[in-house]
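The values are calculated or read from the model by the stated rules, or taken from the named source; none is laboratory data. Values in this document were obtained by computation on a predicted structure and should not be read as measured data. All Cβ positions, glycine included, derive from the backbone under ideal geometry; neighbour counts span all protein chains shown.
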Amino acid sequence: MSRTAIVERYFYPAVFTYAPGQEIAVVFPDLGAATSGTDDRDALLSARELLGLVMNGLEEDREPIPAPTPLPEVPLKENERAVLVDVFMPSVRMAQANRSVNRTVTLPAWLNAAALECNVNFSQLLQDALKAQINRA
């Protein structure tokens, strides 16, 4: 698959492994990634989230995207089932682009005390100031 192609949806097989008294193990054999879930629904949701994170990471790092194994060709054991998992990437990309990051700032103690006394929301104020500064640039 081309590194420059923007893909809206990926489909990859996952192997769901069932063992009595344990969570359902989920492995993506083509991606070397694994997760688990308490039941089928939870396992599928976890698998979808993991698939999105893995594919987003590959895209951001400009790594080659491995071809998915066709579902009927996935090797299985007796207690395993192959499930085709899909992920809608525009949602994943948007969530990753909007995630928050922590930044440490230094300011005089008197200014910090005055801002706290006025119930200043430091995060919101910094975001607003940065947006204003960027728009002026």
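Structure summary
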item: Residue under evaluation residue 49, criteria (1) in contact (Cβ under 8 Å) with a residue 60 or more places away in the chain; (2) surrounded by 12 or more Cβ atoms within 10 Å (Cβ to Cβ); (3) among the charged types (D, E, K, R), criterion not met; result: (1)
item: Any helices (runs of 4 or more DSSP H) falling wholly within region 23-124 and containing at least 2 residues that are touching a strand residue (DSSP E or B) at 6+ places or on another chain (Cβ under 7 Å) and under 27 Å from residue 9 (Cα atoms); result: 40-60
item: Residue 19 in contact with a helix residue (DSSP H, G or I) (Cβ under 6 Å, 6 or more places away or on another chain) and either farther than 30 Å from residue 126 by Cα or among the small types (Gly, Ala, Ser) (or both); result: no
item: Output for region 80-108, where each listed residue is more than 22 Å from the chain's Cα centre (by Cα) and of a type in the set (S, T, N, Q); result: 104, 106
item: Test result for residue 91, of a type in the set (S, T, N, Q), within 19 Å of residue 17 (Cβ to Cβ) and in the same structural domain as residue 19 (by TED's automatic domain parsing); result: no
item: Selection status of residue 123, more than 23 Å from residue 7 (Cα to Cα) and modelled with pLDDT of 95 or more; result: no
item: Any hit, region 55-69, residues being modelled with pLDDT under 95, closer than 30 Å to residue 127 by Cβ, surrounded by 13 or more Cβ atoms within 10 Å (Cβ to Cβ) and in contact with a Phe, Trp or Tyr (Cβ under 8 Å, 6 or more places away or on another chain); result: no
